[in-house]
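Peer 1: Structure incoming, see below.
Quick note: the coordinates plus some simple rules give every number you see, no bench work behind them. All of these numbers come straight from a predicted model, not from anything done at the bench. Neighbour counts run over all protein chains shown; Cβ positions are idealised from the backbone, glycine included.
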Amino acid sequence: MALWVWKFGGSSVAGPDRIRHVARRVAEARKEGHDLVVVVSAMGDTTDDLIDLARQLHPEPPARELDALMATGEQTSAALLAMALDALGVPARSFTGWQAGIQTEGPHGSARVRAIAPERLREALGAGFVPVVAGFQGLSAEGYVTTLGRGGSDTTAVALAAALGADRCEIFSDVEGVFTADPRVVPDAQLLPVISYDEMMELARLGAQVLHHRAVTCAQHHGIVIHARSTFSDHPGTRVVPAGAIEPDRPVSGVASDRHVARLALVSVPNVPGIAHRVFSALAEAGINVDMISQSVARNGHQDIAFTIADGHLAVARRILEPVVRELPAERLVVDDGIAKVSAVGAGMATQPGVAATMFGALAAAGINIEMISTSEISISCLVARERVDDAVRAVHAAFGLGAGEAAADEPAPRASQ
């Protein structure tokens, strides 16, 4: 009897009718003879609603209490799905993250899975129950409830699949798999039947929302093939596999965007050793991850340092950096929260010249100014005005011929038949 781990996202459990639909899918799989462990996210916009509620009471809620609050969203989904399964005659038990044996480490709001002791889940499976696990959460060594950050339920599912030795790990959402771009932005975006771990991690890190990048990292580490599928169709979706299992046939596989970005710039800081360390160590101590970084050419012994962070960390970053600005000293701190990031990702770009030129040319032709640039071996990212980010995605997607019937901008048109 095969063991499957299924994860259902917030849109899949966003009300009684959808929870019943998920329960029917689980019941059908059980009838086929499979054992299942189900991981669920919070219903619909529950997490955002809980955060808004917290901020009505406190402008910067204590991280410990915010985690305790947000964890209740997934717990609600798990209990409701277990009830729906029981109503169909399928024995089920709901589990919080810590009841499922998920042990975490790291800061509140972005904890990491340290270990899993799945004995209680195995006992439930052995007794004929379907365990329904609240994703996104675990328990720290100090006994505190911690959450894994946005998309953390994906990581919960993959980590449980590894701990249980599952035969299959499927992540269900409201889209049929991984597309070359967000279909809501690019209507002719194409479904990718297969994608490598590295490309999926980069797309997820850069804003694609089908899978969380930490879940893909965990899958790669444990050699787990992820199936990204739709809750509402039987389409096989996208398989996320090792890079060696596929050979890139084009330089770019997909285009992602991220609107939740803010840029900070320290203007006219002294051009002396240790300045960058002083700035970024202060942010690191607060658990703030820095993404893109640029440093201007020194003039008159001074230079500018600009960088991007997630906009959710902006208030804390400002509070940390204002005394640093006075200490250095810098002329001023400039904040821009009206920007976004567009990125092209593909394993093939590592060996094909001209990818950057094609991307920059597409943005120029669309009249979109590039504010900052960063690259990795398989990605190129550009910071643009937030109100133009969808235009940027469409322009880059078309330039690389990723849509239905499109050819890349640098590919010759096919010859007419003779």
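Peer 1: Calculate the FRET efficiency for V225 and A115 from the Cβ-Cβ distance with a Förster distance of 35 Å, rounded to the nearest 0.05. Don't skip to the end; give the middle numbers.
Peer 2: Details: r = 23 Å, r/R0 = 0.65.
FRET efficiency, V225 to A115: 0.95.
Peer 1: Considering only the other residues whose Cβ falls under 15 Å of the Cβ of H227, what net charge follows from Lys and Arg at +1 and Asp and Glu at -1?
Peer 2: Working: positive: K7, R25, R168, R229, R239; negative: D154, D167, E170, E176, D234.
Local charge sum for H227: 0.
Peer 1: Further, regarding this structure: For a footprinting-style exposure proxy, rank M349, M200 by other Cβ within 10 Å, fewest first.
Peer 2: On the way: M349 26, M200 29.
So the ranking, lowest neighbour count to highest, is M349, M200.
Peer 1: Run through the range 135-210 and list the GluC sites (Glu not before Pro) located in a DSSP loop whose Cβ has at most 15 other Cβ atoms within 10 Å.
Peer 2: On the way: sites: E142, E170, E176, E199, E202; in loops: E142, E176.
Passing sites in the range 135-210 are E142.
Peer 1: Turning to a different aspect of this structure: Quote the Stokes-Einstein diffusion coefficient, in whole µm² s⁻¹, for the range 137-183, based on the Kirkwood radius over alpha carbon pairs, a temperature of 20 °C and a viscosity of 1.002 mPa s.
Peer 2: In µm²/s, the coefficient is 166.
Peer 1: With a 10 Å Cβ neighbour count serving as the proxy for reagent exposure, in which order, fewest first, do D17, D52 appear? Mind showing how you got there, number by number?
Peer 2: Numbers: D17 7, D52 10.
Placing the least packed residue first, the sequence is D17, D52.
Peer 1: A follow-up question, please. Once you sort the root eigenvalues of the Cα gyration tensor of the range 147-214 as a ≥ b ≥ c, which label holds: rounded (a/c under 1.5), prolate (a/b larger than b/c) or oblate (the other case)?
Peer 2: On the way: a/c = 2.07, a/b = 1.67, b/c = 1.24.
Judged from the Cα gyration tensor, the range 147-214 comes out prolate (a/c at least 1.5, a/b above b/c).
Peer 1: From the P(r) of the range 263-336, could you give the percentage of C-alpha pairs in the tail past 17 Å? Working shown, then result.
Peer 2: Working: 949 of 2701 pairs.
It works out to 35 percent of all Cα pairs.
Peer 1: Name the residue, out of I246, I226, I288, whose mean-square fluctuation peaks in a Gaussian network model built on the chain with Cα pairs under 10 Å.
Peer 2: Comparing I246, I226, I288 in a Gaussian network model of the chain, the most mobile one is I246.
Peer 1: Please go through the range 177-231 and write out the trypsin sites (Lys or Arg not before Pro) that DSSP classes as loop and that have at most 12 other C-beta atoms within 10 Å.
Peer 2: Filter output for the range 177-231: R184.
Peer 1: I've got another one for you. Could you work out the Rg to Rh ratio of the range 140-277, with Rh taken as the Kirkwood radius (inverse of the mean 1/r over all Cα pairs)? Present the calculation step by step, with values, prior to reporting the outcome.
Peer 2: On the way: Rg = 18.1 Å, Rh = 16.9 Å.
For the range 140-277, the value is 1.07.
Peer 1: Here's something else I'd like to know. Could you tell me the distance between the Cα centroids of the range 1-51 and the range 246-265, to the nearest Å?
Peer 2: 29 Å
Peer 1: May I pose another question? Give me L191, L206, L328 sorted ascending by neighbouring Cβ count inside 10 Å, so fewest comes first.
Peer 2: Details: L191 16, L206 24, L328 19.
The most exposed by this proxy come first: L191, L328, L206.
Peer 1: Next question. Based on alpha-carbon centroids, what's the gap between the range 324-394 and the range 65-91 in Å, whole number please?
Peer 2: Answer, in whole Å: 40.
Peer 1: Please check which bits of the range 218-250 a label hung off D174 would reach, taking the label as a point 7 Å along Cα-to-C-beta and the cut-off as backbone N under 13 Å.
Peer 2: Within reach of a label on D174: 231-232.
Peer 1: Over the chain, with a Gaussian network built from C-alpha contacts below 10 Å, which listed residue (V216, V240, V325) shows the highest mean-square fluctuation?
Peer 2: Answer for the Gaussian network model of the chain: V325.
Peer 1: With the alpha-carbon atoms as the only input, what is the per residue convex hull volume for the chain in Å³? Please list the in-between numbers first.
Peer 2: Details: hull volume 71.0 nm³, N = 418.
Expressed per residue, the convex hull around the Cα atoms of the chain is 170 Å³.
Peer 1: On average over all directions, what projected area in square nanometres does the range 3-174 have, based on the convex hull of its Cα atoms? Before the final figure, lay out the partial values.
Peer 2: On the way: hull surface 36.5 nm².
Averaging across all directions leaves 9.1 nm² for the Cα convex hull.
Peer 1: Determine the gain in length on full extension of the stretch Q190-A365; use 0.36 nm per residue of separation and subtract their C-alpha separation, reporting nm with one decimal. Kindly include the intermediate steps, with their values, before the conclusion.
Peer 2: Values: separation 175, 0.36 × 175 = 63.00 nm, distance 2.32 nm.
Here the answer is 60.7 nm.
Peer 1: I'd like the projected area of the range 339-399, averaged over all directions, using the convex hull of its alpha carbons. Report it in nm² with one decimal. Before the final figure, lay out the partial values.
Peer 2: Numbers: hull surface 14.3 nm².
In nm², the orientation-averaged hull projection of the range 339-399 is 3.6.
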